[in-house]
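Undergrad: One structure is given below, represented as structure tokens, and several questions about it will come after.
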């Protein structure tokens with residue numbers, strides 16, 4: 001089977017970020033999307049800690065220790081960028097001003113439910129951050145994830161067993177095997193990477209996949 | 001004459017009683033009042049409730065308070081981060097209570113307290129475990145959760161510049177929770193990298209007006 005690397009998944013997602021979009025990238029793999037947006041598109045990135053219009057990572061030695069993104073990585077500002085406090089930052093999310101949010105996931109259900117903040121463990125502490133605000137507020141929610149957990153169990157399932165981040169919030173899923181939309185009828189395959197067959201991908205999925213048109 | 005500038009860090013932190021609720025500005029390691037947090041540790045208050053986005057990493061700030069058993073409860077959105085060993089240890093030992101709050105709800109609850117509001121309805125968390133036991137309402141077809149205001153006894157802030165009236169400006173993303181926490185605590189204390197003459201800050205650009213501040217101290221910046 002063809003399995004995309006995290007970088008390839010991010011690059012595929014980046015193709016769907018249109019010119020002029022206001023985009024929030026979540027912690028981890030989603031951050032990589034910014035490195036692959038096709039040239040010529042002007043995308044304005046929002047980070048929950050209170051910044052719009054940030055750019056690439058700084059050259060080593062030129063970091064501003066106060067200037068970071070949600071992943072706590074150093075960033076630089078683009079001309080036109082702005083700073084604001086947390087209440088404004090999350091007002092932008094809940095208020096529907098962010099066009100696209102890209103998040104990671106523990107599980108996604110066929111109805112668009114997302115679980116990505118808690119494994120329900122008594123010992124391992126949960127961490128929600130801005131995920132629930134992004135889930136309800138962004139106009140479109142993209143998920144970037146491996147198709148299965150490390151042990152091979154599906155992340156795409158009929159019903160999430162982990163606690164939900166948001167109900168019916170995901171629009172599109174980019175995995176290492178395929179691109180899949182959430183529709184009224186469930187998981188709709190948009191495309192499969194390389195020569196991957198529907199049967200192969202279906203075997204690693206916990207709910208029915210609708211074949212690509 | 002109004003003069004909120006104090007000369008020593010001990011004078012800045014002042015008396016903080018056992019059981020106090022303390023808001024700490026910051027996101028990641030940006031915008032944290034490390035000098036004031038060290039002074040709080042030195043001062044000795046116990047059974048603290050800490051309100052902050054994160055629960056401290058390494059051996060700095062809130063992590064040190066957790067290490068020294070000064071914290072009874074943490075109210076935050078993202079306590080688990082790479083290096084948050086003291087939070088994780090105390091959580092595993094069940095030595096602390098954790099109130100996990102979605103980040104935007106945490107910010108808005110603080111803002112509500114500072115703005116004199118009795119709470120608000122938010123769509124964030126509706127239908128999730130974090131809304132359990134809370135009042136809900138469907139408004140124009142959208143589900144909302146009622147969230148209460150969140151105030152504190154003390155807020156510890158970091159800013160880049162301040163003046164004797166307590167006006168503050170911040171540096172880049174070190175702004176984060178600081179301006180809203182400034183509005184929501186009984187006693188508000190800021191450490192600043194530079195104290196400037198009254199009138200030096202452009203009134204158009206002041207982010208936190210001095211009315212919210214009680215004490216301002218100039219410190220050497222600490223980065224971790």
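Laboratory data are not the source of any read-out in this text; all were calculated from the coordinates shown. Everything numeric here is computed off the predicted structure, so don't read it as measured data. Please note: Cβ atoms are built from the backbone with ideal geometry, for glycine as well, and neighbour counts cover all protein chains shown.
Undergrad: Find the residue count for region B:112-133, including only residues that are in contact (Cβ under 8 Å) with a residue 12 or more places away in the chain and either surrounded by 21 or more Cβ atoms within 10 Å (Cβ to Cβ) or more than 7 Å from every other protein chain (Cβ to nearest Cβ) (or both).
TA: Residues that pass the stated criteria total 15.
Undergrad: OK, next. Within region B:60-73, can one find any residue that is farther than 17 Å from residue B:24 by Cβ and surrounded by fewer than 19 Cβ atoms within 10 Å (Cβ to Cβ)?
TA: Within region B:60-73, one or more residues are farther than 17 Å from residue B:24 by Cβ and surrounded by fewer than 19 Cβ atoms within 10 Å (Cβ to Cβ).
Undergrad: What strands (runs of 3 or more DSSP E), lying completely within region A:85-198, carry at least 1 residues that are more than 14 Å from every other protein chain (Cβ to nearest Cβ) and in contact with a helix residue (DSSP H, G or I) (Cβ under 7 Å, 6 or more places away or on another chain)?
TA: Per the criteria, A:100-103, A:140-144, A:172-174, A:178-183, A:186-192.
Undergrad: Now, a different point. Anything in region B:31-59 that is within 14 Å of another protein chain (Cβ to nearest Cβ), in contact with a helix residue (DSSP H, G or I) (Cβ under 8 Å, 6 or more places away or on another chain) and surrounded by fewer than 24 Cβ atoms within 10 Å (Cβ to Cβ)? List them, or say none.
TA: Once the filter is applied, which keeps residues that are within 14 Å of another protein chain (Cβ to nearest Cβ), in contact with a helix residue (DSSP H, G or I) (Cβ under 8 Å, 6 or more places away or on another chain) and surrounded by fewer than 24 Cβ atoms within 10 Å (Cβ to Cβ), region B:31-59 yields B:57, B:58.
Undergrad: Suppose we keep only residues that are free of Cβ contacts under 8 Å to residues at least 60 places away in the same chain and touching a strand residue (DSSP E or B) at 6+ places or on another chain (Cβ under 8 Å) within region A:62-71. Which one would you say is nearest to residue A:34 (Cα to Cα)?
TA: Step one: filter region A:62-71 for residues free of Cβ contacts under 8 Å to residues at least 60 places away in the same chain, giving A:62-69, A:71.
Okay, now just the ones that are also touching a strand residue (DSSP E or B) at 6+ places or on another chain (Cβ under 8 Å), so A:63-69.
On the way: A:63: 19, A:64: 20, A:65: 21, A:66: 21, A:67: 17, A:68: 15, A:69: 12 Å.
Looking at residues that are free of Cβ contacts under 8 Å to residues at least 60 places away in the same chain and touching a strand residue (DSSP E or B) at 6+ places or on another chain (Cβ under 8 Å), I get A:69.
Undergrad: Which residues, counting only those in region B:63-103, are assigned to a helix (DSSP H, G or I), facing another protein chain (nearest Cβ under 8 Å) and over 17 Å from residue B:32 (Cβ atoms)? If you could, list the steps in order and put the result at the bottom.
TA: Start the filter on region B:63-103 by keeping residues that are assigned to a helix (DSSP H, G or I), which leaves B:63-67, B:85-92, B:103.
Narrowing the set further to residues that are facing another protein chain (nearest Cβ under 8 Å) leaves B:87-88, B:91-92, B:103.
Scanning region B:63-103 gives B:88, B:91, B:92.
Undergrad: So residue B:140 fits all but one of (1) more than 13 Å from chain A (Cβ to nearest Cβ); (2) closer than 27 Å to residue B:222 by Cα; what number is the exception?
TA: (2)
Undergrad: Another question, if that's okay. Just give me the residues in region B:20-29 being surrounded by fewer than 24 Cβ atoms within 10 Å (Cβ to Cβ), within 14 Å of chain A (Cβ to nearest Cβ) and in contact (Cβ under 8 Å) with a residue 60 or more places away in the chain, in sequence order.
TA: The one that is surrounded by fewer than 24 Cβ atoms within 10 Å (Cβ to Cβ), within 14 Å of chain A (Cβ to nearest Cβ) and in contact (Cβ under 8 Å) with a residue 60 or more places away in the chain: B:29.
Undergrad: Output the residue which, of all residues in region A:112-134 that are over 15 Å from the mean Cα position of the chain (by Cα) and either free of Cβ contacts under 8 Å to residues at least 40 places away in the same chain or buried (at least 18 other Cβ atoms within 10 Å of the Cβ) (or both), is nearest to residue B:81 (Cα to Cα).
TA: So in region A:112-134, the residues over 15 Å from the mean Cα position of the chain (by Cα) come out as A:118-127.
Restricting the remaining residues to those that are either free of Cβ contacts under 8 Å to residues at least 40 places away in the same chain or buried (at least 18 other Cβ atoms within 10 Å of the Cβ) (or both) gives A:118, A:121-127.
Numbers: A:118: 14, A:121: 16, A:122: 17, A:123: 15, A:124: 12, A:125: 10, A:126: 10, A:127: 9 Å.
Restricting to residues being over 15 Å from the mean Cα position of the chain (by Cα) and either free of Cβ contacts under 8 Å to residues at least 40 places away in the same chain or buried (at least 18 other Cβ atoms within 10 Å of the Cβ) (or both), the top hit is A:127.
Undergrad: Any residue in region A:9-19 that is closer than 19 Å to residue A:94 by Cβ and touching a residue at least 60 places away in the same chain (Cβ under 8 Å)?
TA: no
Undergrad: Name the single residue, out of those in region A:64-83 being at the interface with another protein chain (Cβ under 7 Å from one of its Cβ atoms) and part of a loop (DSSP other than H, G, I, E, B), that is nearest to residue B:31 (Cα to Cα).
TA: A:66
Undergrad: Follow-up. Filter region B:170-206 for residues that are surrounded by 19 or more Cβ atoms within 10 Å (Cβ to Cβ) and over 21 Å from residue B:22 (Cβ atoms) and give the result.
TA: Scanning region B:170-206 gives B:171, B:172, B:173, B:201.
Undergrad: Condition first: within 11 Å of chain A (Cβ to nearest Cβ) and more than 29 Å from residue B:17 (Cβ to Cβ). Now tell me which residues in region B:143-169 satisfy that.
TA: Those that are within 11 Å of chain A (Cβ to nearest Cβ) and more than 29 Å from residue B:17 (Cβ to Cβ): B:143, B:144, B:145, B:160, B:169.
Undergrad: Within the group A:91, A:50, A:95, which residue is over 17 Å from the mean Cα position of the chain (by Cα) and surrounded by 23 or more Cβ atoms within 10 Å (Cβ to Cβ)?
TA: Sole residue among the options that is over 17 Å from the mean Cα position of the chain (by Cα) and surrounded by 23 or more Cβ atoms within 10 Å (Cβ to Cβ): A:50.
Undergrad: Could you say which residue among B:47, B:93 is more than 30 Å from residue B:211 (Cβ to Cβ) and in contact with a strand residue (DSSP E or B) (Cβ under 6 Å, 6 or more places away or on another chain)? It would help to see each step written out before you state the result.
TA: Working: B:93 fails: in contact with a strand residue (DSSP E or B) (Cβ under 6 Å, 6 or more places away or on another chain).
Among B:47, B:93, only B:47 is more than 30 Å from residue B:211 (Cβ to Cβ) and in contact with a strand residue (DSSP E or B) (Cβ under 6 Å, 6 or more places away or on another chain).
Undergrad: Those residues that are under 22 Å from residue B:125 (Cβ atoms) and either without any contact (Cβ under 8 Å) to a residue 40 or more places away in the chain or surrounded by fewer than 19 Cβ atoms within 10 Å (Cβ to Cβ) (or both), I need them from region A:164-187; list them, please.
TA: A:167, A:168, A:171
Undergrad: Please go through (1) more than 18 Å from residue A:143 (Cα to Cα); (2) surrounded by 15 or more Cβ atoms within 10 Å (Cβ to Cβ) for residue A:195 and return the number of the only condition it doesn't satisfy.
TA: Condition not satisfied by residue A:195: (2).
Undergrad: Same structure, new question: Answer with yes or no whether residue A:61 is more than 23 Å from the chain's Cα centre (by Cα), more than 8 Å from chain B (Cβ to nearest Cβ), outside any loop (DSSP other than H, G, I, E, B) and surrounded by fewer than 18 Cβ atoms within 10 Å (Cβ to Cβ).
TA: no
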